[in-house]
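Quick notes on the structure that follows.
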Amino acid sequence: MSMATEVVKVEAASRQTRSEATRVAPKMPKAAQPVAVDLADFRGRFKVALAQLDVAYVGRTDAIRCLGLAILTGNNCLFVGEPGTAKTSLVERFLAHVGDARLFTALCGSFTTLDELAGPPDIQAFQRGEWRRVVTDMLPEADVAFLDEVMKSNDGAINMLLSVLNERRFDGRQIPLRALFAATNWPEVKMRTEKV
């Protein structure tokens with residue numbers, strides 16, 4: 001069982017425990033009961049994964065801890081640094097430990113469009129007079145996402161990311177995104193801040 005699956009099961013068990021402490025919950029049918037997770041085993045495997053990264057990426061302990069905290073707490077993580085400092089490699093190697101989560105990755109550039117991140121327009125729906133996107137295997141369906149060179153994206157793509165990052169919403173609906181990881185270089189950050 002992967003770390004991502006176990007994180008979700010641990011959270012479900014934790015939510016159930018909290019709700020039982022504040023109110024009497026009705027008995028759930030047998031099939032819907034959360035699966036018990038061996039926290040000691042999960043903690044041990046998680047520590048092993050982080051230790052492997054510590055060995056492979058010398059001097060990156062803080063960055064590795066940020067990756068682990070982001071996936072456990074459901075937050076986002078942005079790495080900014082000089083070109084060639086293994087930001088992308090570190091995130092990709094960490095995500096290799098997140099087994100069965102739906103993963104979306106993209107290499108962004110100045111010509112990256114909203115269609116490449118959120119999916120192209122649904123032509124059949126458009127012909128019926130409806131507007132929606134085909135989001136299959138795109139960012140709105142992902143559990144975990146990695147956007148490399150994110151600050152090279154155009155303004156439309158970056159603006160779309162605001163509600164995705166802050167509210168976990170896209171096109172007015174909730175999305176399953178647990179954590180979004182991104183990497184960029186200092187020159188792109190400086191260019192963006194000089195625009196403002």
Practice task
Determine the gain in length on full extension of the stretch Gln127-Arg169; use 0.36 nm per residue of separation and subtract their C-alpha separation, reporting nm with one decimal.
Solution key: 12.6 nm
Practice task
Using the heavy atoms of the protein chains and a 1.4 angstrom probe, tell me the accessible area per residue for segment 65-159 in square angstrom.
Solution key: 53 Å²
Problem - Val189-Arg102 pseudo-label distance in nm [points 7 Å out on the Cα-to-Cβ vector] - result: 3.2 nm
Exercise for the section: Would you kindly state how much longer the chain becomes between Ile158 and Val134 on full extension, computed as 0.36 nm times their sequence separation minus their alpha carbon distance, in nm to one decimal? Expected result: 6.7 nm
Problem - Rounded accessible area of Asp54 (nearest 10 Å², 1.4 Å probe) - result: 40 Å²
Problem - Gain upon complete extension [Phe111, Glu82; 0.36 nm per residue less C-alpha separation] - result: 8.2 nm
Problem - Calculated FRET value between Gln52 and Leu72, using beta carbons and R₀ = 22 Å, to 0.05 - result: 0.85
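The values are calculated or read from the model by the stated rules, or taken from the named source; none is laboratory data. Remember, it's a predicted structure, so these values are computed and weren't measured experimentally. We place every Cβ from the backbone using ideal geometry, glycine too, and count neighbours over all the protein chains shown. The area values use the complete protein model at the heavy-atom level, side chains included, leaving out ligands, DNA and RNA. Shrake-Rupley method; radii C 1.70, N 1.55, O 1.52, S 1.80 Å.
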